[in-house]
Amino acid sequence: MKLRHARAIAVFGIAVFALTGARGSNGASCDGSSGSSSSSSSSSSGGSHDNDGSGSSSGGSVPGGGGSADKASRDVTIDKCAYDPATKNLTARITVKNDGALDYDYSVTMKFTGAGATSATAFKAGIAVAAGASETAELTTPYPGTGDGSEYTKCEVTRASRV
């Protein structure tokens, strides 16, 4: 019963953190500024992707530091960020890899931005990843614009945690 309460408190804390727009210093990103898709961006300078303007991109991972949130962030890789015209949602497909010896439930917050775009946030909790395994997940948020979604050229992990 206590574990259930701890998880509920953790999810609530993350939701409040995400809704306030707070951002950690480390985060994966999906950046459309250079015009090419590449997964070579998982260097120590930050995880970012380039978007070719088609509304999607792939590759990239999150650098980590010393805190527990940083450890969770290192486990997250952005596979693809895109606008889905069928559902009118901004979507991000991620892979969460748990190299640890314990099973974890992950919570991830993504932020979608671009030149002239209103920032949009997607949140997913309860991504269960067994020890030594990886899981994919899709985060979605409604498209706040009226165009074709091409103004969203960047997505990034703003927060990741595990319990």
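Assorted remarks:
- Considering all different alpha carbon pairs of the range 77-163, the Kirkwood hydrodynamic radius works out to 13.5 Å.
- Peptides ranked, highest mean first, by Cβ atoms within 10 Å: ranges 86-95, 128-137: 86-95, 128-137
Every number here is computed from the coordinates shown, using simple stated rules; none is lab data. Not measured: the values here are computed from a predicted model. Methodologically, a virtual Cβ is constructed for each residue, glycine included, from the backbone with ideal geometry; neighbour enumeration extends over all protein chains shown.
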